[in-house]
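Written out below as structure tokens is the structure these notes cover.
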Amino acid sequence: MLVEVIATSVEDAKRAEQGGADRLELISGILEGGITPSWGLIDAVVKAVSIPVNVMVRPHSQSFCYTAEELAVMRQDVRIIRELGAAGVVFGMLTPENRLDQRGLELLLGVSGALNVTFHRAFDDAVDQMEATRILLEYPQVRTILTSGGKKTAIEGADCIEQLVKLTENTPLTILAGSGLSLANVEELVKRTGVKEVHFGSAVREEGQALRYVDAKRVAAIKQLL
């Protein structure tokens, strides 16, 4: 079972690795659902840990619908993230009708090179998660979908996540379940859905608080459970 942990600082990253996290999602603005971190932070985190670092590319938290200028900024961020040695990038974009924005996706994939690409929880705002998955299967560079199954939490979206796991079986695309997961409920989710990758934020932080540091012991407890 792959355990991905959100990091917002070098300290978070080191503690997550110490606890046994398999991969990091590096973001800023955790209370906004994650926005692009600074290049200086990306560089420092990549150098501080040996586990893969996937970096959020999201210029703002207003919506997942981006202007041409915003997409140009995101393309430049992806280029820099590649140069800084990160393992992957995390992004997602929708049309005003809440369908997957293939043009925007292709613009970013065009500069992603060999980076592992995760399509983030913009996916959960799409009108049809199955349709969005079938579209993403057309893009081999996209390796992962981070999703709560179209619901507020992954537990609430478990039925959809189970369908997504089946839809992507024997394909290069992996479902990464996230949102509201904790030591208390992750085992249930894994059993119900068959998901192979899980994503944690506040539940592995000190006192379960989003604005506190990652707690290595909480990460270790989840790794031990799974």
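The values are calculated or read from the model by the stated rules, or taken from the named source; none is laboratory data. No experiment lies behind these values; they were computed from the predicted model shown. Here Cβ is always computed from backbone atoms with ideal geometry, including for glycine, and neighbour counts include all displayed protein chains.
Just for the range 61-84: of the residues that are of a type outside the set (A, V, I, L, M, F, W, C) and in contact with an Asp or Glu (Cβ under 8 Å, 6 or more places away or on another chain), which one is farthest from ASP22 (Cα to Cα)?
Our first condition is that a residue be of a type outside the set (A, V, I, L, M, F, W, C); within the range 61-84, this holds for 61-63, 66-67, 69-70, 75-77, 79, 82-83.
Now narrow it down to the ones that are in contact with an Asp or Glu (Cβ under 8 Å, 6 or more places away or on another chain): 61, 66.
Working: SER61: 27, TYR66: 31 Å.
Only one residue fits best here, namely TYR66.
Restricting attention to the range 109-132, does a residue exist that is crowded, with 18+ Cβ neighbours inside 10 Å, in contact (Cβ under 8 Å) with a residue 24 or more places away in the chain, more than 18 Å from the chain's Cα centre (by Cα) and not in a loop (DSSP other than H, G, I, E, B)? Looking for residues that are crowded, with 18+ Cβ neighbours inside 10 Å, in contact (Cβ under 8 Å) with a residue 24 or more places away in the chain, more than 18 Å from the chain's Cα centre (by Cα) and not in a loop (DSSP other than H, G, I, E, B), one finds none in the range 109-132, hence no. Pairs linking a residue in the range 54-76 that is closer than 18 Å to GLY110 by Cβ to a residue that is in a helix (DSSP H, G or I) and of a type in the set (Gly, Ala, Ser), with Cβ atoms under 7 Å and 6 or more positions apart or on different chains, are TYR66/GLY104; LEU71/GLY104.
Okay, residues lined up against (1) modelled with pLDDT of 95 or more; (2) under 15 Å from the mean Cα position of the chain (by Cα); (3) crowded, with 21+ Cβ neighbours inside 10 Å; (4) among the β-branched types (Val, Ile, Thr):
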| site | (1), (2), (3), (4) |
| --- | --- |
| THR144 | yes, yes, yes, yes |
| GLY149 | yes, yes, yes, no |
| THR153 | yes, yes, no, yes |
| LEU176 | yes, yes, yes, no |
| ARG192 | yes, no, no, no |
| GLY201 | yes, yes, yes, no |
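Given ASP43, ASP77, ASP22, ASP12, which one is touching a Phe, Trp or Tyr at 6+ places or on another chain (Cβ under 7 Å), modelled with pLDDT of 95 or more and of a type in the set (Asp, Glu)? First the steps, then the outcome.
Working: ASP43 fails: touching a Phe, Trp or Tyr at 6+ places or on another chain (Cβ under 7 Å); ASP77 fails: touching a Phe, Trp or Tyr at 6+ places or on another chain (Cβ under 7 Å); ASP22 fails: touching a Phe, Trp or Tyr at 6+ places or on another chain (Cβ under 7 Å).
After ruling out the rest, the residue left standing is ASP12.
Take the residues of the range 97-152 that are of a type in the set (Gly, Ala, Ser) and in contact with a strand residue (DSSP E or B) (Cβ under 9 Å, 6 or more places away or on another chain): which is farthest from LEU173 (Cα to Cα)?
In the first step, residues of the range 97-152 are kept if they are of a type in the set (Gly, Ala, Ser); the result is 104, 110, 112-114, 122, 126, 132, 148-150.
From the residues that got through so far, the ones that are in contact with a strand residue (DSSP E or B) (Cβ under 9 Å, 6 or more places away or on another chain) too are 104, 112, 122, 126, 132, 148-149.
Working: GLY104: 19, SER112: 16, ALA122: 17, ALA126: 18, ALA132: 12, SER148: 16, GLY149: 15 Å.
Out of the qualifying residues, it is GLY104.
From the list ILE35, ILE27, ILE6, ILE80, which residue is in contact (Cβ under 8 Å) with a residue 24 or more places away in the chain, more than 22 Å from GLU197 (Cβ to Cβ) and within 15 Å of the chain's Cα centre (by Cα)?
Values: ILE27 fails: more than 22 Å from GLU197 (Cβ to Cβ); ILE6 fails: more than 22 Å from GLU197 (Cβ to Cβ); ILE80 fails: within 15 Å of the chain's Cα centre (by Cα).
On inspection, the qualifying residue turns out to be ILE35.
The strands (runs of 3 or more DSSP E) found wholly in the range 10-95 include none carrying at least 1 residues that are out of contact with any strand residue (DSSP E or B) (no Cβ under 9 Å at 6 or more places or on another chain).
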